[in-house]
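One structure below.
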Amino acid sequence: MEKNIKRIYGIDLGTTYSSIAYVDEYGKAVIIPNAENERVTPSVVFFDENNIVVGEVAKESAKLYPNEVVSFIKRSMGEPNFIFEYGSETYRPEEISSYVLKKLAQDAAQYMGEKITDVVITCPAYFGINEREATRKAGEIAGFNVRQIINEPTAAAIAYGSLDTSQDRVVLVYDLGGGTFDVTMIDIRKDSVEVICTGGDHNLGGKDWDDRIVTYLVEKYQEETGIEEDILDDPDTWQDLQLSAEKAKKILSQRPKTPVSITHGGQRVKLIIEREKFEELTEDLLERTVDFTREMIQTAQDKGYSGIDEIILVGGATRMPQVSGRIENEFGMNAKVFDPDEAVAKGAAIYGWKLSLNDDLVRRISEKTQKTIEHPENLSEMIEKSEISAEDFKIAAQELADDTGYTLPSVENAMLRVKNVTSKSFGVVAHNATDEQIVFNLVLRNTAVPVNVKKKFFTAVENQKTVLIQIMESETSDIEVPIEHAEEIKTAVLHLPPNLPADLPIEITFDLNDEGQLHITAEETSEQRQVEVVLDTASVISGEELERAKERSQSLVVH
Ligand code: AMP
């Protein structure tokens, strides 16, 4: 059996843990253990003088070196103001995330006996333009050819759908990770995975459950010792309590109670936390996820999807038994915890594998027909439109199956169509009828992508020299949004010739592709002046800074 297709690995770059997977010779997604023989690696980076340490050791080091350890960096992806200073150097979230990716790749290369080059990386569905671009840049800094960034719930659904391809179904994916919460409705069919709608909160995750325990422990310490000081001001105690809280939370998923001890300033307080108490302390957090879920079901209904066939729970924090309990109670159906730590990486690997099979099919068909296929991703459409004959496709598929040993149906189904929606609304700042400045949305969240929308705006005054186009991102579904509810992602300037009248039409086009990249043009139609906006925003590492990060990364071994 000759395995000659290029491996594309799937990476789940998580807030708290990350993992990498590939598809084996039987077409099965498999997690690659790290050098410590663990299937997940903490997304924690320890700057240890000239070394960068990632993973469990970094996590443990946080206690001793709180200022040299960076955790939860994913929460800062795409944030322009986040800079971590170490020695004389500064690091952006993309670069710090790239160290996590490098650690995964180095360990995987060791295990697989080949260099990891091509990858599919996942990100939360609600990541906006900057966060997605930052994730891609993190991959580039780590030295990868980033084939695609796909949404975590989509990846989980691909992994789930791959288990049983015989039935079409609408699945609700409830994903509660370490730092993020996503809820997504997905239509899974034999040859496609279509996102119906998605929502969530990027500041809600298992860590918030930990924080509630930490606050409770501090209160208990104060009660027991009579000491009023905020013991969390001490970074050692803070780290210690964070670790104990997470541990306690995990135990409470298995047992009805757990002992915890708090040590600070030579004083030690021991106590027992009961599951009931823990559930009471965190009830509102769980309710927030239920509210989001309800909202998503309603949005899907508005789009014509009246029912759900299955609910799947992914993300490590769904192991807390109260999650499935509450969801089942609220929605009256079984909620299965599905491979919570691994589904996302495995789904990304399956997606990468399909991309790779598809690439190979395209290569074979091209060679045979002497036709150049410019967009390999459109292969199935080309067959539908008879631009490629079904016969040529069949022959190529059979050859590929014979060469690789993969089954013919799996090769034929390589052309999995993934349809996404945008998780944000995009618009521009304009004046409304009452002359207030508002954001006017051209693309509304939960619209299927790719999408191309045009809209005419008008200049305000005679002889206007420039038109300022402020591009805004928001999480509402309204067409008109107050400016304070949106975030600016880029500003472009269209220069106009002199002596133009007021009320001149300016046509703005938003072109959003299926990877969440936005391309914008603004055209003054009388003389056809145009500006094009490419969204490499200041929030994402670019130019010299990016090159420096890449160079720094090349000369770096991550431990
Ligand atoms: P993820 O981002 O999907 O890897 O999820 C990580 C989160 O799941 C962290 O907050 C973990 O503390 C949490 N987690 C992992 N295992 C358990 C468990 N057995 N019980 C409760 N939470 C867990």
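The values are calculated or read from the model by the stated rules, or taken from the named source; none is laboratory data. Please read all numbers here as calculations on a predicted model, not as lab measurements. Cβ: placed from backbone, ideal geometry, glycine included. Neighbour counts: every protein chain shown. Calculation scope for accessible area: heavy atoms of the full protein, side chains included, ligands and nucleic acids excluded. Shrake-Rupley method; radii C 1.70, N 1.55, O 1.52, S 1.80 Å.
Whole number please: convex hull volume per residue of the Cα set in the stretch 155-306, in Å³?
132
E283 contributes about 110 Å² of solvent-accessible surface, heavy atoms of the protein only, 1.4 Å probe. Each residue of the stretch 193-205 is assigned a 3J(HN,Hα), and the resulting list reads 10, 10, 7, 8, 6, 8, x, x, 9, 7, 10, 9, x Hz, derived from the Karplus form 6.51 cos²θ - 1.76 cosθ + 1.60 (θ = phi - 60°), x at Gly and Pro.
Round to the nearest 0.05 the FRET efficiency obtained for T225 and I83 when R0 = 45 Å and r is the Cβ-Cβ distance. It comes out at approximately 0.75.
Considering only protein heavy atoms, with the full assembly of protein chains and a 1.4 angstrom probe, order W353, W209, W238 by accessible area, largest first.
Numbers: W353 25, W209 0, W238 95 Å².
Accessible-area ranking of W353, W209, W238, largest first: W238, W353, W209.
Volume per residue of the convex hull around the Cα atoms, evaluated for the stretch 85-218, comes out as 174 Å³. Just want the answer: with Cβ charges of +1 for Lys and Arg and -1 for Asp and Glu, which residue in P321, G113, G10 is farthest toward the dipole's positive end in the chain? The one lying farthest along the dipole's positive direction is G113. Among G143, G266, P409, pick out the residue whose Cα is farthest towards the positive end of the charge dipole of the chain, where Lys and Arg carry +1 and Asp and Glu carry -1 on C-beta, about the Cα centre. Going by the charge dipole, the pick is P409.
Considering only alpha-carbon pairs that sit under 8 angstrom and 6 or more positions apart, the relative contact order computed for the chain is 16 percent. Scaling against 2.2 N^0.38 Å puts the C-alpha radius of gyration of the stretch 206-281 at 1.02. Under a 5 Å amide H cut-off, with hydrogens placed 1.01 Å from N, V418 pairs with V193 among residues at least 5 apart or on other chains. Solvent-accessible area per residue in the chain equals 45 Å², computed with a 1.4 angstrom probe and all protein chains kept.
Taking all Cα-Cα distances within the stretch 292-364, those exceeding 19 Å account for 54%.
Quick one: ranking D359, D182, D402 by accessible area, 1.4 Å probe, largest first, what do you get? Intermediate values should be presented prior to the final figure.
Working: D359 55, D182 0, D402 105 Å².
From most exposed to least exposed: D402, D359, D182.
A Cα-only calculation for the stretch 44-92 places Rg and Dmax at 10.8, 29 Å.
Computed 3J(HN,Hα) for the stretch 166-172, one whole-Hz value per residue from the Karplus formula 6.51 cos²θ - 1.76 cosθ + 1.60 where θ = phi - 60°, is 7, 10, 7, 7, 9, 10, 9, glycine and proline marked x. Over the stretch 365-465, the pair-distance histogram of Cα-Cα distances with 10 Å bins from zero comes to 12, 27, 18, 16, 14, 10, 4 percent, rounded to whole numbers.
If I take all pairs of Cα atoms in the stretch 13-62, what percentage of them are more than 17 Å from each other?
42
Rg/Rh for the stretch 422-528: what does it come to with C-alpha atoms and Rh from Kirkwood?
0.97
Restricting the stretch 368-411 to GluC sites (Glu not before Pro) that sit in a DSSP loop and have at most 13 other Cβ atoms within 10 Å of their own Cβ leaves E374, E387.
Could you sort I395, I31 by accessible area so the largest value comes first, with the probe set to 1.4 Å? Walk me through the numbers before you get to the answer.
Working: I395 60, I31 5 Å².
The ranking, largest first, comes out as I395, I31.
The alpha carbon radius of gyration of the stretch 153-193, expressed as a multiple of 2.2 N^0.38 Å, is 1.18.
If a helix is a whole DSSP H run, which ones in the chain reach 15 Å or further along their own axis (Cα) and hold a mean Kyte-Doolittle hydropathy of at least -1.0? Can you show the working numbers first?
Details: long enough: 93-112 (28 Å, -0.38); 129-141 (18 Å, -1.18); 206-225 (29 Å, -1.27); 235-252 (25 Å, -0.76); 283-302 (29 Å, -0.81); 321-331 (16 Å, -0.89); 343-369 (38 Å, -0.15); 390-404 (21 Å, -0.49); 543-554 (17 Å, -2.17).
Qualifying helices: 93-112, 235-252, 283-302, 321-331, 343-369, 390-404.
The fraction of accessible area contributed by carbon and sulfur in the chain is 45 percent, rounded to a whole number (1.4 Å probe; ligands and nucleic acids excluded).
Could you tell me what a quarter of the Cα convex hull surface of the stretch 361-402 works out to, in nm² with one decimal place? Numbers along the way, then the final one.
Values: hull surface 10.3 nm².
Over all viewing directions, the stretch 361-402 projects a mean Cα-hull area of 2.6 nm².
Please compute the net charge surrounding K102, taking Lys and Arg as +1 and Asp and Glu as -1 over other residues with Cβ under 13 Å from its Cβ. Can you show the working numbers first?
Details: positive: K103, K115, K550, R552; negative: E94, E95, D107, E140.
Taking every other residue near K102 into account, the sum is 0.
Here the scattering of the chain is modelled by Debye summation over its C-alpha atoms, one equal scatterer each and no solvent; at q = 0.07, 0.12, 0.13 Å⁻¹ the log10 of I(q)/I(0) is -0.46, -1.26, -1.41.
Which entries of K190/K336; K247/K277; K63/K424; K419/K456; K115/K249 have Cα-Cα distances beyond 26 Å here?
Details: K190/K336 21 Å; K247/K277 16 Å; K63/K424 38 Å; K419/K456 28 Å; K115/K249 38 Å.
Distance filter (> 26 Å) returns K63/K424; K419/K456; K115/K249.
Only protein heavy atoms count here; on that basis, with a 1.4 Å probe, S423 has an accessible area of about 10 Å².
Scanning residues 5 or more positions from D118 or on other chains, those with amide H under 5 Å from its amide H are Y9, N145, with H placed 1.01 Å from N in the peptide plane. The alpha carbon gyration tensor of the stretch 131-205 gives principal lengths a ≥ b ≥ c with a/c of 1.5 or higher and a/b no greater than b/c, which makes the shape oblate. So which lysines pass the test for K465, namely a Cα distance under 16 Å, with those fewer than 8 places away in the same chain ruled out? The reachable lysines, counting only those whose Cα sits under 16 Å from K465, number zero. Cross-link reach is defined here as a Cα-Cα straight distance under 27 Å, omitting same-chain residues fewer than 8 places apart; for K368 the lysines meeting it are K3, K6, K354, K385, K394.
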